[in-house]
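Heads up, the thing below is written out as structure tokens.
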Amino acid sequence: MKKNLLFLCTGNSCRSQMAEGYGRIYLGDRYNVYSAGTEKHGLNPYMVKVMEEDGVDLSNHYSKTVSELKDIDFDIVVTVCGDANERCPVYLKRGKLIHKGFEDPAKFQGDEEEKLEFFRKIRDQIKNYIKNYLSNEV
């Protein structure tokens, strides 16, 4: 039986969505992988675009809050931003809590190409973390 793993960030618009996509690829044989936010900000179109560039289709995903997943007992919760780590609901701390913060690409200021490059940088960091570190630790 698979365990449940949650990637948590503030708005569930970028980082946790990327982590869910790669989590399903690299951890999906052992875990039911989810993502959520402490708030709901909607999917970021730059995130969808850069994930699609890497062959991961998240266009059917939607932004959700952790309260929408309250009926799931999570064995592992990975917070991917400092705010979510600080605001992680107490009931989620029953499982193993891991924090690995990544910069928020949605806050990056620049023209469209600069934004895409920054999103790609964060995407690659998240992918490498899940593929090369987290998959060996959980």
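Miscellaneous remarks
- In the stretch 23-138, the portion of solvent-accessible area held by carbon and sulfur atoms comes to 44 percent [1.4 Å probe, whole percent, DNA, RNA and ligands not counted].
- Separation of alpha-carbon centers, the stretch 1-67 and the stretch 70-88, rounded to whole Å: 13
- P(r) tail fraction, the chain - alpha-carbon pairs more than 19 Å apart, %: 44
- Those trypsin sites (Lys or Arg not before Pro) in the stretch 51-108 that DSSP places in a loop and that have at most 14 other beta carbons within 10 Å: LYS70
- Accessible area in square angstrom per residue, the chain, 1.4 angstrom probe: 51
- Rolling a 1.4 Å probe over the protein heavy atoms leaves HIS99 with an accessible area of roughly 90 Å².
- Under 5 Å from the amide H of LYS64 lie the amide H atoms of GLY37, each residue being 5 or more positions distant or on a separate chain, with H modelled from the backbone and absent for Pro and chain starts.
- Fluctuation leader among ASN12, ASN44, ASN60 - the chain, Gaussian network, Cα springs under 10 angstrom: ASN60
- Karplus (6.51, -1.76, 1.60) ³J(HN,Hα), θ = phi - 60°, over the stretch 18-23, in Hz, Gly and Pro reported as x: 4, 4, 4, x, 6, x
- For the stretch 14-81, the relative contact order comes to 34 percent (Cα pairs under 8 Å, sequence separation of at least 6).
- Mean-square fluctuations from a GNM of the chain, with a 10 angstrom spring cutoff on Cα atoms, peak among GLY110, GLY101, GLY11 at GLY110.
- From the Kirkwood radius over Cα pairs of the stretch 88-138, Stokes-Einstein at 37 °C and 0.692 mPa s returns a whole-number translational diffusion coefficient of 253 µm²/s.
- 3J(HN,Hα) along the stretch 123-133: 3, 5, 4, 5, 4, 5, 4, 5, 5, 9, 10 Hz, from the Karplus curve 6.51 cos²θ - 1.76 cosθ + 1.60 with θ = phi - 60°, whole Hz, x for Gly and Pro.
- When the listed pairs LYS40/LYS127; LYS64/LYS131; LYS96/LYS131; LYS40/LYS121 are checked against a 21 Å cut-off, the alpha-carbon distance exceeds it for LYS40/LYS127; LYS64/LYS131; LYS40/LYS121.
- Seen from TYR31, the other residues with C-beta closer than 11 Å to its C-beta sum to a net charge of +1, counting Lys and Arg as +1 and Asp and Glu as -1.
- Computed from backbone phi, the HN-Hα couplings of the stretch 113-121 come to 5, 5, 4, 4, 4, 5, 4, 5, 4 Hz, rounded to whole numbers (Karplus: 6.51 cos²θ - 1.76 cosθ + 1.60, θ = phi - 60°; Gly and Pro given as x).
- Contact order, relative form, for the stretch 40-124: 29 percent (alpha carbon pairs under 8 Å, 6 or more residues apart, mean separation divided by residue count).
- Accessible area, probe 1.4 Å, largest first, for residues ILE76, ILE25: ILE25, ILE76
- Annotation: amide H of VAL78 within the under-5 Å range of LEU6, PHE7, LEU8, ILE98, sequence separation 5 or more or interchain, hydrogens built in the peptide plane.
The values are calculated or read from the model by the stated rules, or taken from the named source; none is laboratory data. None of the values given here were measured: they were computed from a predicted structure. Every residue, glycine among them, receives a Cβ derived from its backbone with ideal geometry; neighbour counts consider all protein chains shown. Surface areas here come from the heavy atoms of the whole protein model, side chains and all, with no ligands, DNA or RNA. Shrake-Rupley method; radii C 1.70, N 1.55, O 1.52, S 1.80 Å.
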